[in-house]
Amino acid sequence: MRYGISRSPSPARRKPSNRGRFSFGLNAYDSSEDEEVLNEVLSSESESEDSEPEPRVMFSDKTDEKILSRLKQSQVEETLLSFQRAGDYEEPFNKWAKETRTAAFRVATKKYETNPASTVAMERREVDIHKERLKESYDSQLLEVTAILEKMNLHRKNEEARLVAEYQERERRLWQRIDTVIQAEEDRVRRQLEEEEKARKEEEERKRKEEERKKAEIERKRKEEQEKALQAEVERKKKEKEEQEAKDREEREAREKEAASKLEKARSTVGFRSAKTDWNDARTHLELVKRKVLPAIKADDVLRPHLSKARRFITPKIGQLVDSRHEIERIAKSIHEYMYPTPQHPELIYIGISSVLSKSILMQAETEVSARQVTARPLAQVCIHFLTHLPNFSKVFYARMVQRTGGWAVPITVPKPEGISEVEYKKLRGYRTEREEQKSFEMRLIGIMTLYFAILVGETEDPVPPPFSFPDFWMYFARLLSSPVLLQTDIAMQILAAAIEIGGKKAKIAWGKQFTKLVMLIYKSIQETENFTPSSPDAINERQVGAEGTEGKPARVRVILAIENVMSET
């Protein structure tokens, strides 16, 4: 609606500057029109109170809500404009517009006072039109503001998200640093605890080892003391035992000597001899021959040739012996006439020739009889002739036999005299030299012992002097079986086998059941030895006969075969 008022010249319109726009990008809005409308509404209402009441125009609820929303918008705009008005500078156009509105308001007020109804209606139409424009403007501005707010909200959300992300990242890094520090501290504490635990364990281990060492030292000392005490006790008991054994041995030896003396006297009374007596007699006669007779002959130029001549005469004769009665008698007679001529040889020459004859016979036995047992018979018959017809020949022959066989001709364990060396003691036991091998010695020994047993059981009508008589065959067995030291050697088995093979049949006939018991005792002992099973490696068979193990088995088998051969004959 236009009012018919004079218009003052308006100032030149300036181009709106940046100050005429809102900070958030909206165009500046002049709220003077709203103020004018509000003032007119308020004035009309005040005038209507004095005048007659006119019919009220009723607005719908929707209209009221729009008005209220616009009023709220206008309040927002006024608030925004307050920032613009706060400035010291007022634009001329704005001042002109204000004055124009004020003048128009006055004119409208006057017209309203003259014709209130038409004026109110017109104003209401104008208000509605203005409200429509305002609504459109408000809607557009609301959309802009809403978009701005949404943009701001989106920016805020993005900023919040960024800040949250930064905060979370900072918090994560912070906690990571905290965790790292905590982990490092925990590692340090753990290492410290481990080191302390290790040091504690090492200290405990050191203490434990020290304690164990002390205990071991104490235990060692205790054991040493116990061992010393035990050793002292053992030595004391051993000394007491040795003293008791020495005392018992002395008493036993005294009793044995007394018993041996009595037995020797009794045996001498009835004609029996002991092994020790035979050994001593043989060694005495041997020393007589070697130390007195032979040196005296060799020292005499007249007598010395007799020994050489006897050796050249006797040795071939002994070597010519064969198993023929005629040859045996011929050779025996020839040697007998040479040794016992008329007139007789001086005693020194006779003993010297007897020694030469004895050595020739024994050497023949060592070589021939050891190789062939059958050659023992003719040699034994010649010996029997000399033993029964030549005076004192038996003593010289037995002395030479003991020299070459050691104690086996008796038999006896050769006693070791005091003050002699091992070499001398070995010769005393029958070895030729200290270097003679055991096998060579055993072959020589078996040959001589075979000849000895052949002499013991040889055929003769004349009495043979001891120790070459037939009863000495039994005596030899008795002595050998009563000497465990000799019986537990391989030589003893070979000698027993030779004795049984040579004289077993004649001994069985002569002594019957007694000899059978004797050889069966040997047979049983050999079987027990063969069947013996040691209970431990150190176990010893006290009833062993022959050498241990496989070394003595051939000789034991030979004895068994000889016994079975003798026992099988009737």
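The values are calculated or read from the model by the stated rules, or taken from the named source; none is laboratory data. Computed from a prediction, not measured in an experiment: that's the story for all the values here. Quick reminder, even Gly has a Cβ in these numbers, built from the backbone with ideal geometry, and neighbours come from all protein chains shown. Keep in mind that these areas ignore ligands, DNA and RNA; they rest on the heavy atoms of the full protein, side chains included. Shrake-Rupley method; radii C 1.70, N 1.55, O 1.52, S 1.80 Å.
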Original post:
If we keep just the residues of the range 426-459 that are open to solvent by 40 Å² or more (accessible area, probe 1.4 Å) and among the hydroxyl-bearing types (S, T, Y), which is nearest to E287 (Cα to Cα)?
Top reply: T433
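Considering only the range 320-430, give the helices (runs of 4 or more DSSP H) lying wholly within it that have at least 1 residues that are within 23 Å of A492 (Cα to Cα) and not basic (K, R).
On the way: elements: 325-339, 347-364, 376-389, 393-405, 422-428.
Helices (runs of 4 or more DSSP H) meeting the threshold: 347-364, 376-389, 393-405, 422-428.
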Subject >> R291 at pLDDT 85 or above and either within 30 Å of I353 (Cβ to Cβ) or not in a helix (DSSP H, G or I) (or both) >> reply: yes
Original post:
Does the range 193-206 contain at least one residue that is over 40 Å from the mean Cα position of the chain (by Cα) and of a type outside the set (F, W, Y)?
Top reply: no
Subject >> Lone qualifier among E240, E253, E212, E258 - being under 37 Å from the mean Cα position of the chain (by Cα), part of a helix (DSSP H, G or I) and surrounded by 10 or more Cβ atoms within 10 Å (Cβ to Cβ) >> reply: E212
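Here's the yes/no breakdown for (1) part of a helix (DSSP H, G or I); (2) in contact with a Lys or Arg (Cβ under 9 Å, 6 or more places away or on another chain); (3) open to solvent by 50 Å² or more (accessible area, probe 1.4 Å); (4) at pLDDT 85 or above:
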{"site": "T102", "(1), (2), (3), (4)": "yes, no, yes, yes"}
{"site": "R106", "(1), (2), (3), (4)": "yes, no, yes, no"}
{"site": "D128", "(1), (2), (3), (4)": "yes, no, yes, no"}
{"site": "Q141", "(1), (2), (3), (4)": "yes, no, no, no"}
{"site": "V145", "(1), (2), (3), (4)": "yes, no, no, no"}
{"site": "R156", "(1), (2), (3), (4)": "yes, no, yes, no"}
{"site": "A161", "(1), (2), (3), (4)": "yes, no, yes, no"}
**OP:** Among the residues of the range 325-366, write down those that are open to solvent by 10 Å² or more (accessible area, probe 1.4 Å), hydrophobic (A, V, I, L, M, F, W, C) and closer than 30 Å to I500 by Cβ.
**Re:** I328, M363
Original post:
Failed condition for V369, given (1) within 23 Å of L480 (Cα to Cα); (2) open to solvent by 10 Å² or more (accessible area, probe 1.4 Å); (3) in contact with a Leu (Cβ under 9 Å, 6 or more places away or on another chain), with all others met?
Top reply: (2)
**OP:** Within the range 373-391, identify whether any single residue is open to solvent by 60 Å² or more (accessible area, probe 1.4 Å) and among the hydrophobic types (A, V, I, L, M, F, W, C), and answer yes or no.
**Re:** yes
**OP:** Please tell me if L134 is closer than 27 Å to S74 by Cα, open to solvent by 80 Å² or more (accessible area, probe 1.4 Å) and modelled with pLDDT under 85.
**Re:** no
**OP:** Pull up the range 485-512, narrow it to residues that are buried (at least 24 other Cβ atoms within 10 Å of the Cβ) and β-branched (V, I, T), then point me to the one that is nearest to T413 (Cα to Cα).
**Re:** I495
